[in-house]
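The values are calculated or read from the model by the stated rules, or taken from the named source; none is laboratory data. Keep in mind the model is a prediction, meaning the values are calculated, not measured. All Cβ positions, glycine included, derive from the backbone under ideal geometry; neighbour counts span all protein chains shown. Quick note on the areas: whole protein, heavy atoms, side chains included, nothing else; ligands and nucleic acids left out. Shrake-Rupley method; radii C 1.70, N 1.55, O 1.52, S 1.80 Å.
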Amino acid sequence: MNRMNDLNCLLAEKLVEDIKKDYEASGIAVAIIDKSGKTQYEKFWGVRDLESGKEVNGDTIFGLASVTKSFTALSIMQLEEKGIIDLDAPISQYIPEFTNKNQSKKVTVRHLLSHAGGFFPLPRILVGNVAESLGLDEEKDGDFAYNDAVAQEGVKLVAERLDAQTKENGLNGQPGEYLSYCNDGFGLLSDIIRRYGGEPSYADYLVKHVLKPLGMERSFCDFVRPSKDENAATLYKKVDGVMRGSRDYHDNAFVLNGGGAMKSTLNDLKKYLGMYLNLGKAADGTRILSEYGVREMCKPRQAYGAFGNYGYGVSMKQLDDLKVIEHGGALPGVSSNIAWSYEAEAAVIVLCNTSNVPVSLISNAMMKAYNGKNPIEKRDVWQITPWSEETIAAASGVYSSGEGTTAELYRKADGTIGAREEGVEKNI
């Protein structure tokens, strides 16, 4: 039930406006739908292209980045329900290029669905680089999202470097022991879909088995199509402190599509989120996945963040008195977030065509406002817990992700612990 009042709506919209200004966001699209698929709230800020001044609307194509992982998990669950794959089978059974040689336990499909393969994040193997190494050109050889040679070479490279990880140079535990967010794992999952889904590519599988049945006509994995679509967002990111725009949807794109290749619109994602709110059923009654399959996707599997959990391609958290299921995404020119709550019987979509915009804060505010709560009230109370000298000494050092993020913990002059992220001091 929509319990958003005028004051909470104004507070939530003020938050969006502040974030847009502070992060120099070009365009932001927000919608809230109820379980019936009816739009309960929708608003657009800014433009899809600064040069032309054309505004964002419900059919503007945005990148989704890691929101794609929910599509990958959904597709894997479809294949599991058809008896084509077994979630507890080792990955090596489906992808022989991955040998699992340096782990005493087998990495299974289930492990990769929840980022629990034990792998440390690695620098991205980029689709453009792989295509170039193969001498391919999209003008002649077709969109790389559908190119079998790119996929074959990509899975070989990904499997080889995951196999190369050992306790000494990367593995962070036994399969299933910890969560370590890893695009490579979802890349392997998308290749299982390519090989066993009965379609020529992962991108083709999504079109036939997810997007078309849901009526998502402006959603796809293509790289070329959005760059040529008049109503697709220009991608904005800061380069040397200056905001730059591009129509290059290959920018930092991983070679295997299952981790982040999807593009979509606000109107299409309403249909996608409506399907989850109705436990796998589309608006016209078409069943995309069984109720059990959706519940399995949304079941907590691994601890994620301070108080959250990760399921299969989606994460879970508590937002005031609501359980919220969500996933965000970030790429150059992409900040995206989808979220839904079965208690609220509502879903929130936030799309932005600018890098590093905290769209999850917008999503939280909108979900709270819809549920009749103050959207910006901070309820968390953090107890200060001193660390011993021994703990500080053990924790101090530089932590680096292969995907580029660097953080540092250090002993401050007053003997307490301090933190920096990318050299910027953090309040902890």
Complete set of residues in the stretch 124-143 that are part of a helix (DSSP H, G or I) and either open to solvent by 60 Å² or more (accessible area, probe 1.4 Å) or of a type in the set (Val, Ile, Thr) (or both): 127, 129, 130, 132, 133, 139, 140, 141
State all residues of the stretch 184-215 that are within 26 Å of residue 352 (Cβ to Cβ) and surrounded by fewer than 24 Cβ atoms within 10 Å (Cβ to Cβ); if no residue qualifies, say none. 207, 210, 211, 214, 215
Is there a residue in the stretch 266-287 that is of a type in the set (A, V, I, L, M) and in contact with a His (Cβ under 7 Å, 6 or more places away or on another chain)? no
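Restricting attention to the stretch 316-329, which residues are outside any loop (DSSP other than H, G, I, E, B) and within 23 Å of residue 374 (Cα to Cα)?
As a first pass, look at the stretch 316-329 and keep what is outside any loop (DSSP other than H, G, I, E, B): 316-319, 322-329.
Matches in the stretch 316-329: 316, 317, 318, 319, 322, 323, 324, 325, 326, 327, 328.
When the residues of the stretch 278-315 are filtered to those that are assigned to a helix (DSSP H, G or I) and open to solvent by 10 Å² or more (accessible area, probe 1.4 Å), which remaining residue is farthest from residue 117 (Cα to Cα)? Step through it out loud before you land on a result.
From the stretch 278-315, those assigned to a helix (DSSP H, G or I) are 291-297; that's our starting set.
The next check asks that each one be open to solvent by 10 Å² or more (accessible area, probe 1.4 Å); those that pass are 291-292, 295-296.
Values: 291: 26, 292: 24, 295: 22, 296: 18 Å.
Among those residues, the one meeting the criterion is 291.
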Scan the stretch 184-191 and give yes if some residue there is touching a residue at least 40 places away in the same chain (Cβ under 8 Å) and over 23 Å from the mean Cα position of the chain (by Cα), otherwise no. no
Let me spell it out: the conditions are (1) open to solvent by less than 10 Å² (accessible area, probe 1.4 Å); (2) touching a Lys or Arg at 6+ places or on another chain (Cβ under 8 Å); (3) closer than 22 Å to residue 29 by Cβ; (4) not acidic (Asp, Glu), and residue 273 meets all of them except one. Which number is the exception? (2)
Can you give me the number of residues within the stretch 331-358 that are outside any loop (DSSP other than H, G, I, E, B) and open to solvent by 10 Å² or more (accessible area, probe 1.4 Å)? 1
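Residues are listed down the side, and each one gets a yes or a no for (1) out of contact with any helix residue (DSSP H, G or I) (no Cβ under 6 Å at 6 or more places or on another chain); (2) part of a helix (DSSP H, G or I):
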| site | (1), (2) |
| --- | --- |
| 41 | yes, no |
| 44 | yes, no |
| 47 | yes, no |
| 99 | no, no |
| 102 | yes, no |
| 110 | yes, yes |
| 116 | yes, no |
Given the options 413, 395, name the one that is free of Cβ contacts under 8 Å to residues at least 40 places away in the same chain, open to solvent by less than 50 Å² (accessible area, probe 1.4 Å) and more than 30 Å from residue 1 (Cβ to Cβ). 395
